[in-house]
Amino acid sequence: MAGLNPGIELDLEWVQKVKVNLPAVKKRADELKTKRTVKKQWQAAWLLKAMTCIDLTTLSGDDTFTNVQRLCYKAKHPIRADILKELGMDDKGLTCGAVCVYSARVSDAVKALKAVKGEDIPIASVATGFPAGQTPLQQRLDEIKQAVSDGATEIDIVINRTYALGGNWKGVYDEVKACKAACGNAHMKTILATGDLGSLVNVQKASLVAMMAGSDFIKTSTGKEGVNATFPVALTMVRAIRDYYHKTGYKVGFKPAGGIRTAKDACSWLALMKEELGNDWLTPTMFRIGASSLLGDIERQLFHYVTGRYAASHELAMA
């Protein structure tokens, strides 16, 4: 992942000046979603790129070591070997961007990745009372420290939506900054839970405050809200990233999560990043997609590209 964002002092004047042109944002979002998509070999290349940016995720109440073991194997071997050979990519060492699990499953992920010689794949852990964040701050900080101690190299935190909805941006800043300190050398992704924030103005304010507090990534959603990653929200967030970079010189990554399930969706998200932030953000160090089922459709589309037909259910391992 990219170098750590050290953050800056809270600039409330900047935050309070935030305005969002809602009709313009919606128009641009519709343009991006309906643009002609890439085809043939270019689509295959984009899908492989998207695959390397996936945070392959399991966040279920029935997660066990076996679930995590399967997840880690798939992250290490995301696409069938014969498909990669036909594409001329079998010697590139392609993997998913990371695995993402609950903090209680981090030690399982460490063992599972070691077993498949995937120690170079980052382990991301959700923390801080995910998904609601409605636990005392000290408890949230202790959870971060435990996850890092167990082997997590990335921490996905959630912001205090009560503070955000009440306009207490200093409260949001102070808590995110405390979380960043608790992460130590682990990279921190800050989940804004945009479906809970009520407006795009709040989304942009939360984005700026999270980056000022030192977030290395900002992330749309927990995947548990009623509304998750949408293009208007994404445009608002990536433009906040661009503004922060222009003002501070620090690059912050972006992670949409929740409801991204198809290969076509993945190409649309890559197009958004390329057009709004440029090629520097088209890498796993600056862009991740939080998903559990997306990889299966990417592999299915690559199978179709190579063979000319869609795979039967028994021909592809579960993603």
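Calculated [222 nm] ellipticity per residue, helices only, for the chain: -14500 deg cm²/dmol; basis is -39500 (n - 2.57) per DSSP H run with n ≥ 4, divided by all residues, nearest 500. Among W281, W269, W14, determine the one that fluctuates most according to a GNM of the chain built with springs between C-alpha atoms less than 10 Å apart. Comparing W281, W269, W14 in the GNM, the peak value goes to W14.
Taking all protein chains into account, the per residue accessible area for region 65-150 stands at 49 Å² (1.4 Å probe). The mean sequence separation of alpha-carbon pairs under 8 Å and at least six residues apart, normalised by the residue count of the chain, gives a relative contact order of 22 percent.
Sorted from longest to shortest, the spans of the Cα atoms of region 250-307 along the three principal axes equal 43, 22, 16 Å. Kindly provide log₁₀ I(q)/I(0) values, in the same order as q = 0.11, 0.12, 0.16, 0.21 Å⁻¹, from the Debye equation applied to equal alpha-carbon scatterers of region 160-319. Normalising to I(0) and taking log10 leaves -0.48, -0.56, -0.89, -1.36.
Under the combined filter of DSSP loop state and at most 11 neighbouring Cβ atoms within 10 Å, region 104-185 retains these trypsin sites (Lys or Arg not before Pro): K117. From largest to smallest, what semi-axes in whole angstrom does the chain give when each is the square root of 5 times an eigenvalue of its alpha carbon gyration tensor? Whole-Å semi-axes of the equivalent ellipsoid: 31, 24, 16. Charge tally for G258 (other residues, Cβ to Cβ under 9 Å; Lys, Arg +1; Asp, Glu -1): 0. Full extension of the chain segment joining V38 with Y73 gains 9.7 nm, where the gain is 0.36 nm per residue of separation less the Cα-Cα distance.
The long axis of helix 22-34 is offset from the longest Cα principal axis of the chain by roughly 10 degrees. Charges on Cβ only, +1 for Lys and Arg, -1 for Asp and Glu, centred on the Cα centroid of the chain; of G214, V38, P284, which one is farthest towards the dipole's positive end? Most positive-ward Cα: V38. Enumerate the aspartates and glutamates that K251 could reach by cross-link, defined here as Cα to Cα under 20 Å, with residues fewer than 8 away along the same chain left out. Output for K251: E9, D11, D55, E154, D156, D216, D243, E275, E276, D280. Annotation: extensible slack from E86 through E275 equals 65.0 nm (criterion: 0.36 nm per residue apart, minus Cα-Cα distance).
For the residue pairs K26/K255; K117/K224; K85/K111, the C-alpha atoms sit more than 27 angstrom apart in K117/K224; K85/K111. Computed packing ranks the peptides 211-220, 26-35, 76-85 as 211-220, 76-85, 26-35, most packed first, by mean other Cβ atoms within 10 Å. Placing unit charges on the Cβ atoms of the charged side chains and taking the dipole of region 228-319 about its Cα centre, the candidate lying farthest along the positive direction among F254, A317, S293 is F254. For the listed peptides 181-188, 90-97, a ranking on the average number of other beta carbons within 10 Å per residue, highest first, reads 181-188, 90-97. Only Cα pairs under 8 Å and 6+ residues apart enter the sum, and on that basis the relative contact order of region 31-188 stands at 18 percent.
The values are calculated or read from the model by the stated rules, or taken from the named source; none is laboratory data. Bear in mind the structure is a predicted one, so any value in this text is a computation, not a measurement. Glycine gets a Cβ as well: all are built from the backbone with ideal geometry, and neighbour counts include every protein chain shown. With ligands, DNA and RNA removed, areas are computed over all heavy atoms of the protein, side chains included. Shrake-Rupley method; radii C 1.70, N 1.55, O 1.52, S 1.80 Å.
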